[in-house]
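The values are calculated or read from the model by the stated rules, or taken from the named source; none is laboratory data. The model shown is predicted, which means the values in this text are computed figures rather than measured ones. We place every Cβ from the backbone using ideal geometry, glycine too, and count neighbours over all the protein chains shown.
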Amino acid sequence: MKKVANRPRVVIIGGGFGGLFAAKALAGQPVEVTLVDRRNHHTFQPLLYQVALAVLSPAEIASPLRRVLRRAPNVHVLLAEATDFDKTSRKVRLASGRELEYDYLIVAAGARHSYFGHDEWEECAPGLKTVEDAVEIRTRLLKAFESAEKRALLTGQQKSLNFAVVGGGPTGVELAGAIADFARLSLAKDFKAIDTSKSHIRLYEGLDRILNTFSAKSSRRAEEQLGELGVEVHTNSMVTAVECGRIKVGEEWVEADVTLWATGVAASPLGRHLGVVTDRSGRVPVHQDLSIAGHPEIFVIGDMASLIDAAGVRVPGLAAAAMQEGKLAAKNILADLQGRPRQVFKYYDRGTMATIGLHRAVAEFGTFKISGVVAWLLWSLVHVALLIGFRNRVAVMIEWIWAYLTRRGSSPLITEYQQEESTRLPGEGGI
């Protein structure tokens with residue numbers, strides 16, 4: 001990237017919440033910005049599970065980065081993958097072998113799910129961080145129902161499906177509740193040879209309660225609401241092995257037609273290339289101005305950052321925190337250019353919410369805690385408001401109204417060709 005009229009060059013790695021909000025904050029400012037991402041779109045991750053459960057389509061929660069930033073003439077989007085950094089010469093190395101020079105660097109490459117040293121489990125238990133993950137999960141769920149329907153039609157025997165969700169955090173709770181609604185409402189009339197409502201959904205959490213970052217009251221209420229949907233919640237249940245078709249909980253093997261991984265977070269491995277000691281999750285320790293030790297020109301934000309803010313609060317890996325960090329990183333770059341002191345980061349907690357299927361949710365705003373229909377309506381309004389782009393907000397509202405009235409999702413599609421397989425039952429030959 002060349003300097004334009006001696007303007008400082010800012011390179012941003014990652015088009016998630018942190019990177020995108022940093023780029024938007026630098027739009028129209030006297031700097032030249034290059035936003036680097038492997039994908040050409042920003043994904044609204046809080047609604048990924050609704051793509052996985054066929055309520056929404058990928059286009060309704062993803063926004064092309066170029067379109068979002070089209071009115072910012074000083075911000076360029078580069079479809080590429082950053083692989084390393086040369087802090088001495090201030091360069092970003094790309095997978096293509098090319099390099100980008102920078103005066104300031106903002107690293108916001110996000111995080112992926114962690115399998116705690118068992119990456120081989122991912123093949124049988126996908127996690128949910130990207131649009132591709134959501135489409136893969138949707139395909140696996142639909143294939144499970146299609147396979148059960150085929151067995152019933154060809155053999156006359158029905159088999160109840162078993163779904164396992166590993167992890168009782170917000171993502172796991174939302175997935176488990178959504179799968180229950182999916183089987184109980186969305187697909188109930190689509191399949192005629194099987195009763196989809198008899199599916200078994202089990203949620204496994206290694207700690208003594210789900211939603212451990214919420215209050216004990218909200219945790220109990222969430223478990224009650226999951227129970228109302230027919231979800232079996234198993235706490236103090238550590239998954240010790242994963243195979244396709246079954247998981248091991250403690251010392252017991254449990255059948256699982258589909259297993260979904262919703263526990264463990266590992267920061268992008270890019271953090272290790274910054275030459276600092278990361279924590280166990282790969283997060284980079286940063287100063288309160290969001291820069292790393294010894295390099296005030298390098299900022300690390302979002303899920304990659306390990307930060308205790310000016311109020312002594314450990315900043316959580318939430319979208320709201322990443323947005324705030326992206327804005328402050330941009331402000332501190334501009335403060336440097338204008339000869340002003342930098343600001344320190346103070347996290348503004350706007351509350352925490354988790355939805356648990358139709359009409360069910362929990363929400364906390366400081367000491368104020370609500371659950372049920374009111375929390376679900378509030379969750380819906382907040383998430384629509386946070387979506388990037390007016391078109392996406394309208395599209396999601398329309399799809400939600402349609403799903404509410406019809407109890408059906410908009411896109412129960414299997415988007416890959418499935419070669420015909422033999423249908424076998426234990427103890428008999430193929431058909």
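Only residues in the stretch 251-276 that are basic (Lys, Arg) count as the first member; pair them with residues that are modelled with pLDDT of 95 or more and part of a strand (DSSP E or B), Cβ under 9 angstrom, at least 6 apart or cross-chain, and list the lot.
Going by the 9 Å Cβ cut-off, the qualifying pairs are 272/284.
Does residue 289 fit the bill of being in contact with a helix residue (DSSP H, G or I) (Cβ under 9 Å, 6 or more places away or on another chain), closer than 28 Å to residue 109 by Cβ and among the acidic types (Asp, Glu)?
So residue 289 passes the test.
Is at least one residue of the stretch 398-405 within 21 Å of the chain's Cα centre (by Cα) and modelled with pLDDT under 95?
Looking through the stretch 398-405, at least one residue is within 21 Å of the chain's Cα centre (by Cα) and modelled with pLDDT under 95.
In this structure, is residue 22 buried (at least 19 other Cβ atoms within 10 Å of the Cβ), over 15 Å from residue 129 (Cα atoms) and of a type outside the set (S, T, N, Q)?
Answer is yes for this residue.
So, of the residues in the stretch 182-214 that are acidic (Asp, Glu) and surrounded by fewer than 24 Cβ atoms within 10 Å (Cβ to Cβ), which turns out to be modelled with the lowest pLDDT?
Ranking the candidates gives 190 first.
Determine whether residue 235 is touching a Leu at 6+ places or on another chain (Cβ under 8 Å) and either hydrophobic (A, V, I, L, M, F, W, C) or modelled with pLDDT under 95 (or both).
Answer is no for this residue.
Going by what's in this entry, would residue 28 be described as out of contact with any His (no Cβ under 6 Å at 6 or more places or on another chain), closer than 22 Å to residue 301 by Cβ, assigned by TED's automatic domain parsing to the domain that holds residue 300 and not in a helix (DSSP H, G or I)?
yes
Cβ-Cβ distance below 6 Å, separation of 6 or more or different chains: which pairs start in the stretch 313-337 with a residue that is over 14 Å from residue 106 (Cβ atoms) and end on one that is small (Gly, Ala, Ser) and crowded, with 19+ Cβ neighbours inside 10 Å?
Close Cβ pairs satisfying both conditions: 315/321.
Output the number of residues of the stretch 217-232 satisfying the condition of being over 18 Å from residue 358 (Cβ atoms) and either out of contact with any Lys or Arg (no Cβ under 8 Å at 6 or more places or on another chain) or surrounded by 14 or more Cβ atoms within 10 Å (Cβ to Cβ) (or both).
3
Looking at residue 302 and the list (1) small (Gly, Ala, Ser); (2) closer than 14 Å to residue 287 by Cβ; (3) touching a residue at least 24 places away in the same chain (Cβ under 8 Å), which single condition is not satisfied?
Answer for residue 302: the failing condition is (2).
Evaluate the stretch 33-53: report whether one residue or more is closer than 24 Å to residue 398 by Cβ, free of Cβ contacts under 8 Å to residues at least 40 places away in the same chain and not hydrophobic (A, V, I, L, M, F, W, C).
No: zero hits.
Given the residues 109, 54, which is the only one that is under 18 Å from residue 319 (Cβ atoms), assigned to a loop (DSSP other than H, G, I, E, B) and under 21 Å from the mean Cα position of the chain (by Cα)?
109
Listed here are the residues, each with its yes/no results for (1) closer than 16 Å to residue 229 by Cβ; (2) in contact with a Lys or Arg (Cβ under 8 Å, 6 or more places away or on another chain); (3) surrounded by fewer than 23 Cβ atoms within 10 Å (Cβ to Cβ); (4) of a type in the set (Ser, Thr, Tyr).
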{"residue": "110", "(1), (2), (3), (4)": "no, yes, no, no"}
{"residue": "119", "(1), (2), (3), (4)": "no, no, yes, no"}
{"residue": "162", "(1), (2), (3), (4)": "yes, yes, yes, no"}
{"residue": "167", "(1), (2), (3), (4)": "no, no, no, no"}
{"residue": "174", "(1), (2), (3), (4)": "yes, no, no, no"}
